[in-house]
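Reading through the structure tokens given below for one structure.
The values are calculated or read from the model by the stated rules, or taken from the named source; none is laboratory data. Note that the structure is a prediction, hence the values are computed from the model and not measured. Because the Cβ atoms are built from the backbone with ideal geometry, glycine has one as well, and the counts that use them run over all protein chains shown. Areas reflect the complete protein model, heavy atoms only, side chains present, ligands, DNA and RNA absent. Shrake-Rupley method; radii C 1.70, N 1.55, O 1.52, S 1.80 Å.
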Amino acid sequence: MVDPMGSDTATVYCALLFLVAVPGPALVAMRWLAAHRRRDWLEIAYLAFTTLVGASVLTSMITDWYVEPLALPTLPVWVTTVTAAAVLLAVAVASRGRRTQADEHFRVVGEPDPTKARQMIEALPARTREQLHDMRTRAVENLTKRGVVDADEARRITSTPLGEGPQSRR
């Protein structure tokens, strides 16, 4: 037979666990904003889980353990739960789509400058430009074999001069 945990001990444990969890929803919000408001299903699941568990713990604290709703031990639970619910609502309402791997690893810094890109490519030694061109060709061939790009797109990419992209060919 196992002795059940007393309500005082459970209240302290819950308060400490939620105190550790307080930064979580805010970190998810910062990451969501940094990813240009693109959502990630794991973050949505985390926020939903945190909201549900927080509501359950608050209910238990107030109704089963007879803790005052705004007592000190409930504050970390309130902060974490309300923040998670608010961020979940913001992500659900204001997301611009799903996050991709590109969103995870790359970010746009300023507007592209095609002239500067061409100048930088032209400043490279001829051998380096040739190596970059060969690397791009091999990468496009690999993507074509994997079915990521079709043959027409592959030809368009490999025929585009280094330093130029779709926005600079207008």
Notebook entry, point to check: Between the stretch 3-27 and the stretch 61-100, how many Å separate their Cα centres?
Noted result: 13
Note to self: Give me the percent relative contact order of the chain, please, defined on Cα pairs under 8 angstrom at least 6 residues apart.
What the structure shows: 25
Next item on the list: Could you tell me whether the stretch 50-139 comes out rounded, prolate or oblate from its Cα gyration tensor? Rule is a ≥ b ≥ c as square roots of the eigenvalues, rounded for a/c under 1.5, then prolate if a/b exceeds b/c, otherwise oblate.
Entry: prolate
Check: Assuming R0 = 41 Å, what is the FRET efficiency of residue 98 and residue 129, from their Cβ-Cβ distance, to the nearest 0.05?
Finding: 0.70
Item checked: Angle between the chain longest axis and helix 114-123 axis [Cα atoms, degrees, rounded to 10] -> 60
Note to self: Per residue of the stretch 27-38, what does 6.51 cos²θ - 1.76 cosθ + 1.60 with θ = phi - 60° give for ³J(HN,Hα)? Whole Hz please, x for Gly and Pro, Karplus curve as stated.
What the structure shows: 5, 5, 4, 5, 5, 4, 5, 5, 8, 6, 6, 9
Note to self: I'm checking a number: the convex hull volume of the Cα atoms of the chain, normalised per residue, in Å³. What is it?
What the structure shows: 209
Check: For the chain, what % of the accessible area comes from carbon and sulfur atoms, probe 1.4 Å?
Finding: 63
Next item on the list: At a 1.4 Å probe radius, which order do 136, 98, 155 fall into by accessible area, largest first?
Entry: 98, 155, 136
Check: Points 7 angstrom from Cα along the Cβ direction at residue 60 and residue 158: gap in nanometres?
Finding: 6.2
Margin query: Sort 20-27, 78-85 by packing, meaning the average of other beta carbons within 10 Å per residue, with the highest value first.
Written below: 78-85, 20-27
Checklist line | Karplus-derived 3J(HN,Hα), 6.51/-1.76/1.60, for each residue of the stretch 130-146, Hz, glycine and proline x | finding: 4, 5, 4, 4, 5, 4, 5, 4, 5, 5, 5, 4, 4, 5, 5, 4, 7
